[in-house]
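Peer 1: Please read through the structure below; I'll follow up with questions.
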Amino acid sequence: MKRLCRRLAVAVAVLVWLGALVYLLVLSRRRLPELSPGAVAGGGGVAGETTYNQISDAEWEDMLEGFDERSYLSARRWKPGDDPYTLYAFNQRESERIPSDRALRDTRHYRCTTLHYDSELPSTSIIITFHNEARSTLLRTIKSVLNRTPVHLIYEIILVDDFSDDGELDCQLLTKLPKVKCFRNNKREGLIRSRVRGTDAARAKVLTFLDSHCEVNKDWLPPLLQRIKEDPSRVVSPVIDIINMDTFAYVAASADLRGGFDWSLHFKWEQLSPEQRARRTDPTQPIKTPIIAGGLFVIDRSWFNHLGKYDTAMDIWGGENFEISFRVWQCGGSLEILPCSRVGHVFRKKHPYVFPEGNANTYIKNTRRTAEVWMDDFRLFYYSARPAARGKSYGDIRSRVELRKKLNCKSFKWYLDNVYPELNDLCLANLPFEDNHLNRFNHKCRCDHL
């Protein structure tokens, strides 16, 4: 009898233990989606590091509706009597007057609406870096993405706060929006290093870079992801529409533009030639571009890492678009602008933030690094066009030179011959005699003066 009671007691204990174990497993599964979408990540952590990207439609809507927009926008608002351009170099008063989810006119060619894309496109990590950005424009950027992008294509939205004066407050509030994670730098790093930090945290197979004062337009993302899916070595950019810095009117940009530059490495938009336009029988076709503006583009994450990410020895802002454009083309990839993808961008006449070494010196350092690594002897044309760059410090470039050798990249002459032969039409007035040996590379100046 005692033995029977003992066996029953053991059986009951085992059943209780198994029941407790099942209860804990069920409880943990229920709680997992309720985990916070993330506190602010400082030097090491990440906001929202859960299965948060698997959010349901109902949770998505609840989070959007539950976000306290009025409280978020209440800080650092424009005050009557203040100059509305002082803080951000655009009309802060007008930006704050416009709703965060305003309607936009579809600026694409009508044929774009007839195109169809794969039903199983890769999702993307959207990376937005900012430093002392106006809350109205930052929020409008994020909400335009959330409102005009299929939910399943957004793996996550990664914000990198580059040591803004506002501290951690922006991040704490914005991570209450769906799929938003946020990092904060412990010191000012600049656009290039901040973007690399965002990419190192990204989990999706495709990376999308946006500036912090943008508005994406209707069906902006599928055309970009389709091109990446078809060929991961492509780097693709939308047509960049104009958001007027004074009125915040959304203005359609021409779809017949591509990126260009001169020998001083000054970026410019240039019209397609009549011959190029004549070859474009379909206005929805991608446009090959020698260079991208750099603020808005999509790239396969493995390809980005293979190519060496960004040159993190560059500072703050400027020149990084040349470096990555030359590297993509010379190392086996291509650059495209897609007319059926439209994103608006606030173009300013000056920077609202400080460059520790000065704007001009920083740009010279960054572009000189680019010229020394990627332009071969043609870098002498850069120095002739930008004589102030001679003698300026540009840091150690040995790792980038080794990267170029490792990737077995093509010469800059190949780039000129195959990607941007139009640059050969530019020549320099008073080119120093000692630089004339460049003619042996068949560089043909066909003008007498600039």
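We did not get these values from a lab; they are worked out from the coordinates using the rules stated. Just so we're clear, the structure is a prediction, and the values are computed from it rather than from any experiment. A quick note on method: Cβ atoms are made from the backbone with ideal geometry, for glycine too, and the neighbour counts reach across all protein chains shown.
Peer 1: Among 306-318, 116-128, 263-275, how do they line up by average Cβ neighbours within 10 Å per residue, starting with the highest?
Peer 2: Final packing ranking: 306-318, 116-128, 263-275.
Peer 1: Still on this model: I'd like to know which of Phe209, Tyr250, Ala293 lies farthest towards the positive end of the charge dipole of the range 164-295, counting +1 on Cβ of Lys and Arg and -1 on Cβ of Asp and Glu.
Peer 2: Phe209
Peer 1: Over the range 139-277, what lengths in whole Å, largest first, do the semi-axes of the equivalent ellipsoid take, defined as the square roots of 5 times the eigenvalues of the alpha-carbon gyration tensor?
Peer 2: Result for the range 139-277: semi-axes of 28, 19, 17 Å.
Peer 1: Based on the Cα coordinates of the range 186-230, what is the per residue volume of their convex hull in Å³?
Peer 2: Spelled out: Cα convex hull of the range 186-230, divided by residues, is 96 Å³.
Peer 1: Apply the a/c threshold of 1.5 to the C-alpha gyration tensor of the range 167-211 and tell me whether it is rounded, prolate or oblate.
Peer 2: Note, shape of the range 167-211 comes out oblate.
Peer 1: If each residue of separation counts as 0.36 nm, what is the full-extension length gain between His266 and Ser399 once their alpha-carbon separation is subtracted?
Peer 2: 45.4 nm
Peer 1: For the range 68-225, count all C-alpha to C-alpha pairs, find those more than 19 Å apart, and express that count as a whole percent of the total.
Peer 2: Counting pairs separated by more than 19 Å, the tail of P(r) holds 57 percent.
Peer 1: Go through 243-256, 142-155 and give me the packing order, highest mean Cβ count within 10 Å leading.
Peer 2: So the order, starting with the most tightly packed, is 142-155, 243-256.
Peer 1: Distance from the Cα centre of the range 154-216 to that of the range 48-119, in angstrom?
Peer 2: Each part reduced to its Cα centre gives a spacing of 15 Å.
Peer 1: Oh, and also: What spacing in nm lies between the two simple spin-label points modelled at Trp60 and Ala388, each 7 Å away from Cα in the Cβ direction?
Peer 2: Result: 4.8 nm between the two label points.
Peer 1: Subtract the Cα-Cα distance of Leu407 and Thr113 from 0.36 nm times their separation in residues, and report this length gain in nm to one decimal.
Peer 2: In short, 101.9 nm is gained.
Peer 1: Roughly how big is the range 52-346's charge dipole about its Cα centre, with Cβ charges of +1 (Lys, Arg) and -1 (Asp, Glu), in debye to the nearest 20?
Peer 2: Using Cβ point charges on Lys, Arg, Asp and Glu, the range 52-346 gives about 400 debye.
Peer 1: Continuing with the same structure: Give, in nm to one decimal, the length gained when the segment between Ser273 and Ser334 is fully stretched (0.36 nm per residue of separation minus the Cα-Cα distance).
Peer 2: That works out to 20.0 nm of additional length.
Peer 1: Follow-up question, since we're still on this one. Rounded to a whole number of µm²/s, how large is the Stokes-Einstein D of the range 52-346 at 4 °C and 1.567 mPa s, given Rh as the Kirkwood radius over C-alpha pairs?
Peer 2: So the translational diffusion coefficient is about 66 µm²/s.
Peer 1: Taking the alpha-carbon centroid of each part, what is the distance from the range 334-349 to the range 230-283 in angstrom?
Peer 2: Measuring centre to centre over Cα atoms gives 7 Å.
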